[in-house]
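J.: Would you mind keeping the following structure in view while I ask a few things?
The values are calculated or read from the model by the stated rules, or taken from the named source; none is laboratory data. Since the model is a prediction, treat every value here as computed from it, not as a measurement. FYI the Cβ positions are ideal-geometry reconstructions off the backbone, even for glycines, and counts take in every protein chain you see.
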Amino acid sequence: MKTIDNSSRRSFLRQAFGAGALVLGARVLPTRALAALETAVFSPNVFVGIKSDGTVLIVAHRSEMGTSSRTMVPLILADEMEADWKRVKIEQAIGDEKYGDQNTDGSHSVRSFFSVMQECGASARSMLEQAAANQWSVPVSQCKATLHQVVHSPSGKKLGYGELAAAAAKLPVPDKSKLIFKKKSEYRYIGKDLPVYDLSDITHGKAVFGMDAKVDGMVYASVEHSPVLGGKLLSFDDKEALQVPGVSRTVEIPAFKPPHAFQALGGVAVIADNTWSAFQGRKKLKVSWDPGPNASYTSSEYKQQLQATARKPGKVVRNVGDVDKGFAAATKILEADYYVPHLAHAAMEPVVAVADFRDGKCTLWAPTQNPQAVQDTVAAAVGIDKKNVICNVTLLGGGFGRKSKPDYCAEAAILSKQLGKPVKVVWTREDDIHFDYYHSVAALYMKAGLDQSGKPVAWLQRSVFPSINSTFALDVKSGSAGELGMGFTDTPYALPNHRAENGEAVNHVRIGWLRSVANIYHAFAVCSFADELAHAAGRDPKDYLLDLIGPPRLVDLKAQGVDYPNMGPIEQYPVDTARLRKVVELVAEKSGWGKRRLPKGHALGIAAHRSFLSYIATVVEVAVSPAGKISIPRVDMAVDAGMIVSPDRVRSQFEGAAVFGASLALMGEITATAGKIDQSNFNNYPVVRMNEAPLETRVYIVESDAPPAGVGEPGVPPFAPALCNAIFAATGKRIRELPLSRQKLV
């Protein structure tokens with residue numbers, strides 16, 4: 001029987017931290033990257049191999065940050081291959097273009113690689129069956145792979161995968177056109193609930209995250225950056241910093257050259273033999289900055305600029321019918337302004353990276369969502385060829401899009417080259433909040449004209465936000481087609497007269513994608529406004545929403561002149577209102593919409609949104625106390641994400657989306673004063689705690705044969721509008737600005 005020792009926090013820390021180090025259980029890693037399949041006897045492609053003992057090695061080329069992509073993508077291959085999951089070992093890929101797209105963003109790990117993994121698995125299975133047929137001198141049609149062995153149907157003879165591996169390796173890889181794939185009814189793992197591959201290691205503290213990485217001879221670095229984006233270093237005094245025990249020296253990192261993209265920000269790095277000393281030495285630095293032009297940025301003033309722009313005509317990005325004529329004929333006009341502030345990623349593990357530059361090559365270990373971007377960025381930073389950058393991917397303690405931007409890896413590489421030894425760059429939580437690639441702030445203006453029955457005969461919407469493209473190019477002022485196609489130009493409502501416009505905005509901080517990206521502010525405005533119109537018409541919001549969506553049909557956005565970059569082939573992933581209607585009807589039924597008797601102060605709100613090729617409808621139950629305090633007793637979410645690999649993992653992602661969405665809606669806000677970010681840690685950029693998160697989240701998955709769609713992100717966008725719609729139903733107060741922590745409900 002195992003015993004659990006109870007100890008004080010102080011004694012635990014005293015025992016855990018040796019020599020002042022702040023790394024728990026640091027793993028000493030090899031100083032070179034091993035080829036993932038180098039021990040395989042049989043390897044028909046870059047994703048799978050078999051060892052002589054029968055172990056099946058499957059390469060995970062996507063990053064694992066809690067979304068289970070490291071499990072789900074290999075699982076597809078294992079199923080098609082008829083591999084015994086208990087005898088599968090997953091190897092994490094280094095950054096290498098031979099694996100295709102490795103950027104674990106955009107909710108597309110499964111949807112982009114489902115068929116690829118099927119082909120790889122079917123190829124291996126076919127070759128193993130042929131190898132067995134050759135050994136038995138029988139037709140291959142009599143040989144069938146079944147759970148890690150090939151069986152000769154007439155005789156019952158069997159050969160294991162390990163026994164066949166060497167012979168299979170001598171066979172030609174079959175042409176894709178000749179592969180025979182499993183039927184859905186034959187799937188062994190797909191569609192079933194299986195535990196995450198790394199679950200045991202994670203729960204027992206054996207899994208290697210970025211903060212666990214360690215190599216021999218490594219030093220630690222903490223970097224002081226300009227508090228204002230683009231600020232220039234004038235001078236620094238490191239005398240006191242060098243007096244801190246453990247601190248060895250300071251190193252200047254050159255400032256980035258615009259556009260900043262993923263370059264290191266620049267600044268002064270304090271080098272020490274442990275993180276604590278590096279942090280303490282950095283506090284002793286005396287640094288003088290020229291803040292530059294972004295010192296003029298104060299978010300409260302910028303908000304007013306965005307809102308003023310949203311009230312003016314902008315660039316037309318979608319136009320259906322004659323909106324002006326529709327407004328002239330309307331019997332009632334409604335207008336509303338919506339606003340969503342900058343948001344930070346605030347992943348539980350702040351960014352960290354280890355780099356070892358030697359002999360013209362640089363090896364890194366990092367919790368990155370995009371190891372190929374690490375290669376590109378580091379190669380440019382230290383002046384070497386991309387092929388000489390090796391990026392080993394650790395597990396990520398959360399990502400949400402932040403860790404696909406490898407500026408922190410560039411810092412580690414630059415310092416390692418200068419120092420001639422491995423360097424571990426560690427960002428504090430304050431660094432993580434102060435120097436993020438923020439989710440864009442946005443102001444939106446909505447206007448609708450209703451007829452006598454309350455039906456919209458004209459609809460105008462405007463969106464104004466600094467674009468993500470400003471990260472990569474100078475003088476960007478307008479939103480990209482991709483950003484506008486996230487819940488704005490693709491609004492799937494059946495409107496006779498509809499115009500969408502985009503206004504200009506200039507960035508003053510680093511802008512980047514965050515979980516569900518522009519869908520956050522577009523869904524908030526569009527779904528909230530739909531609810532406003534329902535109440536103005538005296539209609540049930542669910543019924544009104546279904547009328548807005550209109551009859552089942554495929555919406556041809558390109559025929560309406562919309563520059564719409566669908567995230568998948570439009571033939572496979574059309575904008576299908578039948579699927580959106582279905583999730584609305586399903587969530588209404590499951591949530592007891594219009595049927596449940598709710599306590600006083602409780603109410604339901606509904607919202608539906610298509611994003612990342614999935615269709616989601618959300619009902620939030622809110623409870624508002626007499627003092628105006630908000631709690632969320634229950635959330636219901638209906639999900640149509642096409643074919644599902646693991647229902648349990650889908651439910652987990654949407655439960656997480658409800659918590660993430662609650663954080664953003666209730667308290668998420670980044671502001672700036674004179675160019676400097678005001679927030680610094682969870683004390684002033686809070687996330688929901690257990691007592692603030694939804695008490696219960698129920699997820700209903702639509703059974704579907706449609707191609708796999710996105711799962712990690714689409715649960716977030718409809719949450720905030722559903723919550724705010726519920727607040728209106730409970731209190732009569734309409735919420736048009738986030739976060740709710742700034743609103744008074746009574």
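J.: Here is a check on your reading of the model: is G479 out of contact with any strand residue (DSSP E or B) (no Cβ under 9 Å at 6 or more places or on another chain) and either of a type in the set (G, A, S) or outside the structural domain of E335 (by TED's automatic domain parsing) (or both)?
T.: Considered against the rule, which asks whether it is out of contact with any strand residue (DSSP E or B) (no Cβ under 9 Å at 6 or more places or on another chain) and either of a type in the set (G, A, S) or outside the structural domain of E335 (by TED's automatic domain parsing) (or both), G479 comes out as no.
J.: Does Y302 satisfy the condition of being touching a strand residue (DSSP E or B) at 6+ places or on another chain (Cβ under 6 Å) and modelled with pLDDT of 95 or more?
T.: No.
J.: Still on this structure, please answer the following. Which of the following residues is without any contact (Cβ under 8 Å) to a residue 60 or more places away in the chain and not in a loop (DSSP other than H, G, I, E, B): V317, V378? So that I can check it myself, show each step before the final result.
T.: Working: V317 fails: without any contact (Cβ under 8 Å) to a residue 60 or more places away in the chain.
Just a single option satisfies the conditions, and that option is V378.
J.: Taking D216, is it over 18 Å from W85 (Cα atoms), in a loop (DSSP other than H, G, I, E, B), of a type in the set (D, E) and outside the structural domain of S704 (by TED's automatic domain parsing)?
T.: Values: over 18 Å from W85 (Cα atoms): yes; in a loop (DSSP other than H, G, I, E, B): yes; of a type in the set (D, E): yes; outside the structural domain of S704 (by TED's automatic domain parsing): yes.
Yes, satisfied.
J.: Determine if the range 590-604 includes at least one residue that is buried (at least 22 other Cβ atoms within 10 Å of the Cβ) and modelled with pLDDT of 95 or more. Step through it out loud before you land on a result.
T.: Quick first cut of the range 590-604, residues buried (at least 22 other Cβ atoms within 10 Å of the Cβ) only: 591, 604.
Checking which are modelled with pLDDT of 95 or more leaves us with 591, 604.
There is at least one residue in the range 590-604 that is buried (at least 22 other Cβ atoms within 10 Å of the Cβ) and modelled with pLDDT of 95 or more.
J.: Before we move on, is S235 modelled with pLDDT of 95 or more, among the small types (G, A, S) and surrounded by fewer than 17 Cβ atoms within 10 Å (Cβ to Cβ)?
T.: Values: modelled with pLDDT of 95 or more: yes; among the small types (G, A, S): yes; surrounded by fewer than 17 Cβ atoms within 10 Å (Cβ to Cβ): yes.
Spelling it out, S235 is indeed modelled with pLDDT of 95 or more, among the small types (G, A, S) and surrounded by fewer than 17 Cβ atoms within 10 Å (Cβ to Cβ).
J.: For the range 320-332, name all the residues that are closer than 27 Å to Y564 by Cα and either outside the structural domain of A720 (by TED's automatic domain parsing) or not hydrophobic (A, V, I, L, M, F, W, C) (or both). Even if it seems obvious, please write down each step before you answer.
T.: Taking the range 320-332 first, the residues closer than 27 Å to Y564 by Cα are 320-327.
Listed by number, the residues that qualify are G321, D322, D324, K325, G326.
J.: Being closer than 26 Å to P371 by Cβ and in contact with a Ser or Thr (Cβ under 6 Å, 6 or more places away or on another chain) is true for just one of I253, I271. Which residue is that? First the steps, then the outcome.
T.: Values: I253 fails: in contact with a Ser or Thr (Cβ under 6 Å, 6 or more places away or on another chain).
Checking each option against the conditions leaves just I271.
J.: Can you tell me which residue is nearest to F654 (Cα to Cα) among those in the range 381-400 that are touching a residue at least 24 places away in the same chain (Cβ under 8 Å) and surrounded by fewer than 24 Cβ atoms within 10 Å (Cβ to Cβ)? Explain how you work it out, then say what you get.
T.: Let us first name the residues in the range 381-400 that are touching a residue at least 24 places away in the same chain (Cβ under 8 Å), namely 381-382, 384, 388-400.
Checking the rest, the ones that are also surrounded by fewer than 24 Cβ atoms within 10 Å (Cβ to Cβ) come to 382, 384, 388, 390, 392, 395, 397-398.
Values: V382: 41, I384: 42, N388: 39, I390: 34, N392: 29, L395: 21, G397: 18, G398: 15 Å.
Going through the qualifying residues, I end up with G398.
J.: Quick check on this structure: which one of H522, H535 is in contact with a Ser or Thr (Cβ under 8 Å, 6 or more places away or on another chain), assigned by TED's automatic domain parsing to the domain that holds Q461, assigned to a helix (DSSP H, G or I) and touching a residue at least 24 places away in the same chain (Cβ under 8 Å)? Let's see the steps before the verdict.
T.: Values: H535 fails: in contact with a Ser or Thr (Cβ under 8 Å, 6 or more places away or on another chain).
Of the residues listed, the single one that is in contact with a Ser or Thr (Cβ under 8 Å, 6 or more places away or on another chain), assigned by TED's automatic domain parsing to the domain that holds Q461, assigned to a helix (DSSP H, G or I) and touching a residue at least 24 places away in the same chain (Cβ under 8 Å) is H522.
J.: Name the strands (runs of 3 or more DSSP E) wholly within the range 610-706 that hold at least 2 residues that are assigned by TED's automatic domain parsing to the domain that holds A729 and out of contact with any strand residue (DSSP E or B) (no Cβ under 7 Å at 6 or more places or on another chain)?
T.: Details: elements: 614-624, 630-640, 697-701.
No strands (runs of 3 or more DSSP E) qualify here.
J.: Continuing with the same structure: I'd like to check something: does the range 578-594 contain any residue that is part of a loop (DSSP other than H, G, I, E, B) and touching a helix residue (DSSP H, G or I) at 6+ places or on another chain (Cβ under 6 Å)?
T.: Keep residues of the range 578-594 that are part of a loop (DSSP other than H, G, I, E, B), which gives 592-594.
Now restrict to residues that are touching a helix residue (DSSP H, G or I) at 6+ places or on another chain (Cβ under 6 Å): 593.
There is at least one residue in the range 578-594 that is part of a loop (DSSP other than H, G, I, E, B) and touching a helix residue (DSSP H, G or I) at 6+ places or on another chain (Cβ under 6 Å).
J.: Then there's this: Considering only the range 195-218, how many residues are in contact with a helix residue (DSSP H, G or I) (Cβ under 7 Å, 6 or more places away or on another chain) and hydrophobic (A, V, I, L, M, F, W, C)?
T.: The initial filter retains those residues of the range 195-218 that are in contact with a helix residue (DSSP H, G or I) (Cβ under 7 Å, 6 or more places away or on another chain), namely 196-198, 207.
Add one more test, that the residue is hydrophobic (A, V, I, L, M, F, W, C), and what stays is 196, 207.
Counting residues in the range 195-218 that are in contact with a helix residue (DSSP H, G or I) (Cβ under 7 Å, 6 or more places away or on another chain) and hydrophobic (A, V, I, L, M, F, W, C) gives 2.
Conditions tested, residue by residue: (1) surrounded by fewer than 24 Cβ atoms within 10 Å (Cβ to Cβ); (2) out of contact with any Asp or Glu (no Cβ under 6 Å at 6 or more places or on another chain); (3) in the same structural domain as R499 (by TED's automatic domain parsing); (4) within 30 Å of F682 (Cα to Cα).
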position: R311; (1), (2), (3), (4): yes, yes, yes, no
position: R318; (1), (2), (3), (4): yes, yes, yes, no
position: L334; (1), (2), (3), (4): yes, yes, yes, no
position: N370; (1), (2), (3), (4): no, yes, no, yes
position: D376; (1), (2), (3), (4): yes, yes, no, no
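J.: Just checking, which of S288, S277 is in the same structural domain as S416 (by TED's automatic domain parsing), touching a Leu at 6+ places or on another chain (Cβ under 7 Å) and at pLDDT 95 or above? Write out each step before concluding.
T.: Working: S277 fails: touching a Leu at 6+ places or on another chain (Cβ under 7 Å).
Going through S288, S277 in turn, the sole match is S288.
J.: Identify all residues within the range 361-375 that are in contact with a helix residue (DSSP H, G or I) (Cβ under 6 Å, 6 or more places away or on another chain) and either within 16 Å of M211 (Cα to Cα) or free of Cβ contacts under 8 Å to residues at least 60 places away in the same chain (or both); write none if there are none.
T.: Result: K361, C362, L364, A366, P367, T368, Q369.
J.: Could you tell me whether any residue of the range 260-272 is farther than 30 Å from T671 by Cα and modelled with pLDDT of 95 or more?
T.: Of all residues in the range 260-272, those farther than 30 Å from T671 by Cα come to 271-272.
Checking the rest, the ones that are also modelled with pLDDT of 95 or more come to 271-272.
Yes, the conditions are met somewhere in the range 260-272.
J.: Now for a separate question. With the requirement that a residue be surrounded by 22 or more Cβ atoms within 10 Å (Cβ to Cβ) and basic (K, R), what does the range 422-473 give you?
T.: Answer for the range 422-473, where residues must be surrounded by 22 or more Cβ atoms within 10 Å (Cβ to Cβ) and basic (K, R): K424, R462.
J.: Looking at (1) outside any strand (DSSP E or B); (2) under 28 Å from the mean Cα position of the chain (by Cα), which is the only condition V354 fails?
T.: (1)
J.: I'm trying to understand the selection: among the residues of the range 413-434, which are under 9 Å from F357 (Cβ atoms) and in contact with a helix residue (DSSP H, G or I) (Cβ under 9 Å, 6 or more places away or on another chain)?
T.: Those that are under 9 Å from F357 (Cβ atoms) and in contact with a helix residue (DSSP H, G or I) (Cβ under 9 Å, 6 or more places away or on another chain): A413, I414, S416, K417, P422, V423.
Residue-wise test of (1) crowded, with 24+ Cβ neighbours inside 10 Å; (2) aliphatic (A, V, I, L, M); (3) modelled with pLDDT of 95 or more; (4) under 17 Å from A145 (Cβ atoms).
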{"site": "D53", "(1), (2), (3), (4)": "no, no, yes, no"}
{"site": "R62", "(1), (2), (3), (4)": "yes, no, yes, no"}
{"site": "G66", "(1), (2), (3), (4)": "no, no, no, no"}
{"site": "V73", "(1), (2), (3), (4)": "yes, yes, yes, no"}
{"site": "K89", "(1), (2), (3), (4)": "no, no, yes, no"}
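J.: Tally the residues that are out of contact with any Gly (no Cβ under 9 Å at 6 or more places or on another chain) and hydroxyl-bearing (S, T, Y), restricting the search to the range 638-669.
T.: The number of residues fulfilling the criteria is 1.
J.: Let me ask something else. Please indicate, with yes or no, whether at least one residue in the range 524-537 is in contact with a Lys or Arg (Cβ under 8 Å, 6 or more places away or on another chain), polar (S, T, N, Q), crowded, with 21+ Cβ neighbours inside 10 Å and over 20 Å from P313 (Cα atoms).
T.: The answer is yes, given that some residue of the range 524-537 is in contact with a Lys or Arg (Cβ under 8 Å, 6 or more places away or on another chain), polar (S, T, N, Q), crowded, with 21+ Cβ neighbours inside 10 Å and over 20 Å from P313 (Cα atoms).
Condition check ((1) buried (at least 20 other Cβ atoms within 10 Å of the Cβ); (2) under 19 Å from the mean Cα position of the chain (by Cα)) across all residues:
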site	(1), (2)
D475	no, no
A481	no, no
L484	yes, yes
F488	yes, no
L495	yes, no
N502	yes, no
A505	yes, no
I511	yes, yes
L514	yes, yes
